[in-house]
Structure formats: structure tokens, C-alpha cells
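K.L.:
A single structure is presented below for examination.
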Amino acid sequence: MSASSVTVKVLFFASSREAAGCSSAEMKVTSSRSSSDEASTSTTPNTADLRRLLAETYPKLAPLVTDEDSITLALNEEYVPAGEVLCLNSGDTVALIPPISGG
């Protein structure tokens, strides 16, 4: 059985926009797991798969998206807590939000 895929809209903000060279992109995300993976209960693409795809597609963005302390994901306007991996559905919008500082 082949892995499933979904198409999501990715929004890039601040340093992630500079690294990607664009403000948004439609991306087809494929699950990195197969139905034969024992540890996986789902072959649905998830936020970890999206981070890997973003790192491959936008090499300058790789150091940011592979480090959860550098980029926070927001899935359909809800922050994805650090350490959590959420399933993606076609039509989802994922925003890449760098740390915000100020005073």
C-alpha cells in the first residue's frame, strides 16, 4: 500500500519568508510512513512530514524548520505545541511563525 498525500497551503512569515523567498506556497505532503511501519498507526501525512518537505524544498529554510525552537507551526490558525505532531488534511493552512521578540 502506498503512502497517502494531502495538499496544504503554507504561509511564510518574517525570517521564514526571507529564507523561502516567497510568502506562500501550495505543497503536496506525502506521509513518510508506510502501512508496514509497526510504530505508526496512521499513514496520514503530518506536521513532521511537512517540516521534512519544507527542508528539502527550501534548503535555506532547513535550519529553521528542523528546529522547533526556531519555527512554530500554526495549523488552521491554532499553534502546534512543541513536540506534538498533528495530522494534515487537504485544504489545511499551515503558517510558519518565527519567534517574536520585542519590548
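The values are calculated or read from the model by the stated rules, or taken from the named source; none is laboratory data. Quick caveat, the model's predicted, so the values are computed rather than measured. All Cβ positions, even for glycine, are placed from backbone atoms using ideal geometry, and neighbour counts span all protein chains on display. Surface areas here come from the heavy atoms of the whole protein model, side chains and all, with no ligands, DNA or RNA. Shrake-Rupley method; radii C 1.70, N 1.55, O 1.52, S 1.80 Å.
K.L.:
Please find, within region 66-103, the residue that is least open to solvent (accessible area, probe 1.4 Å) out of those that are charged (D, E, K, R) and not in a strand (DSSP E or B).
P.N.:
Filtering region 66-103 for residues that are charged (D, E, K, R) and not in a strand (DSSP E or B), the one least open to solvent (accessible area, probe 1.4 Å) comes out as Asp92.
K.L.:
Condition check: among the acidic types (Asp, Glu) and over 15 Å from Lys28 (Cβ atoms). Does Asp69 satisfy that?
P.N.:
yes
Residue by residue, here is whether (1) within 17 Å of Ser32 (Cβ to Cβ); (2) of a type outside the set (Val, Ile, Thr); (3) touching a strand residue (DSSP E or B) at 6+ places or on another chain (Cβ under 6 Å) holds:
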position: Leu61; (1), (2), (3): no, yes, no
position: Thr72; (1), (2), (3): no, no, yes
position: Glu78; (1), (2), (3): no, yes, no
position: Val94; (1), (2), (3): yes, no, yes
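K.L.:
I'd like the full set of residues that are more than 18 Å from Glu78 (Cα to Cα) and either open to solvent by 70 Å² or more (accessible area, probe 1.4 Å) or of a type in the set (Lys, Arg) (or both), limited to region 8-20.
P.N.:
Selection gives Arg17, Glu18.
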